[in-house]
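The structure appears below as structure tokens.
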Amino acid sequence: METLQHTMINDIISASLEKSMSYSEYKDLVSDLTEKNSTTGPDKTEALANYTMLNNRRMKRWDKTVKVSDEAKSTIENSNRKMTWLVLTESWCGDAAHIMPVINKVVELNDNINYKVVLRDENETLINEFLTNGGKAIPKLIIIDEETQEVVNTFGPRPSVATQLVNDYKAEHGKLTPEFKEDLQRWYNKDKGQSTIEDLVGLLS
């Protein structure tokens, strides 16, 4: 049963990888959608198009400003396992806009890591295998060992510090309010990608 499940997940991942794009192709897509006042996914609402435009700006900013410490750099550069890092996302997702450029900064430091991107709503069977608390939360990073084709780890939809903030708030208030979501954006801006880098380095070491 285990083996069957394993083979099935491998097939699903392989099928998604065949239609995946690079991070720079994904950025071009988001840029293009911004110009067309559109968004990825089946719902082309004005709100989602606005989030896409906002995320386009966010990603460009983080691409320029994220810094990796020397200590983290050394762990990243010394990892010699050949891996594919496959991220499920959508252009309107705020968390993804803060996290994907940080993943890219890490990946750029190690040629053994192949960074691929797919859209969640076009890869239903894949996201269904990697739910977070029963939900299709994104961004979701799936780490695959290229030699064994095993899924060795996952990350997302948020760095562990932000996840804790979200869980604590939900426990106290029952749901996430627009005010909390704004606070979370401020947290990302203050954190400058460092919590994400720390989590990713933890997955590598």
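All of (1) within 18 Å of the chain's Cα centre (by Cα); (2) surrounded by 19 or more Cβ atoms within 10 Å (Cβ to Cβ) hold for Ala72 with one exception: (1).
Going by the conditions given, is Asp121 touching a Pro at 6+ places or on another chain (Cβ under 7 Å), assigned to a helix (DSSP H, G or I) and closer than 26 Å to Thr7 by Cα? Here the answer is yes, as Asp121 does meet what is asked.
In this structure, Leu29 qualifies as over 21 Å from Glu146 (Cβ atoms), of a type in the set (A, V, I, L, M) and out of contact with any helix residue (DSSP H, G or I) (no Cβ under 6 Å at 6 or more places or on another chain). Among the criteria (1) surrounded by fewer than 16 Cβ atoms within 10 Å (Cβ to Cβ); (2) polar (S, T, N, Q); (3) part of a helix (DSSP H, G or I), the one Ser195 does not fulfil is (1). The residues of the stretch 128-143 that are farther than 21 Å from Tyr51 by Cα and surrounded by fewer than 23 Cβ atoms within 10 Å (Cβ to Cβ), listed by number, are Asn128, Glu129, Phe130, Leu131, Thr132, Asn133, Gly134, Ile143. Close contacts from the stretch 153-164, counting a first residue that is among the small types (Gly, Ala, Ser) and a second that is surrounded by 16 or more Cβ atoms within 10 Å (Cβ to Cβ) and modelled with pLDDT of 95 or more, with Cβ to Cβ under 6 Å and a gap of 6+ residues or different chains, come to Gly156/Pro139; Gly156/Lys140; Gly156/Leu141; Ser160/Asp199.
Per the listing Ser14, Ser20, the residue uniquely more than 18 Å from Pro157 (Cβ to Cβ), among the polar types (S, T, N, Q) and crowded, with 17+ Cβ neighbours inside 10 Å is Ser20.
Just give me the residues in the stretch 26-65 being surrounded by 19 or more Cβ atoms within 10 Å (Cβ to Cβ) and not in a helix (DSSP H, G or I), in sequence order. Result: Thr39, Thr40. The set of residues from the stretch 161-192 being part of a helix (DSSP H, G or I), over 30 Å from Ser74 (Cβ atoms) and small (Gly, Ala, Ser) comprises just one member, Ala171. For the stretch 144-155, a residue qualifies if it is among the β-branched types (Val, Ile, Thr) and either part of a strand (DSSP E or B) or surrounded by 12 or more Cβ atoms within 10 Å (Cβ to Cβ) (or both), and the qualifying residues are Ile144, Val151, Val152, Thr154. Among the criteria (1) in a helix (DSSP H, G or I); (2) surrounded by 16 or more Cβ atoms within 10 Å (Cβ to Cβ), the one Arg158 does not fulfil is (1).
The values are calculated or read from the model by the stated rules, or taken from the named source; none is laboratory data. No experiment lies behind these values; they were computed from the predicted model shown. Using ideal geometry, Cβ is built from the backbone for each residue, glycine included, and neighbour counts are taken over all protein chains shown.
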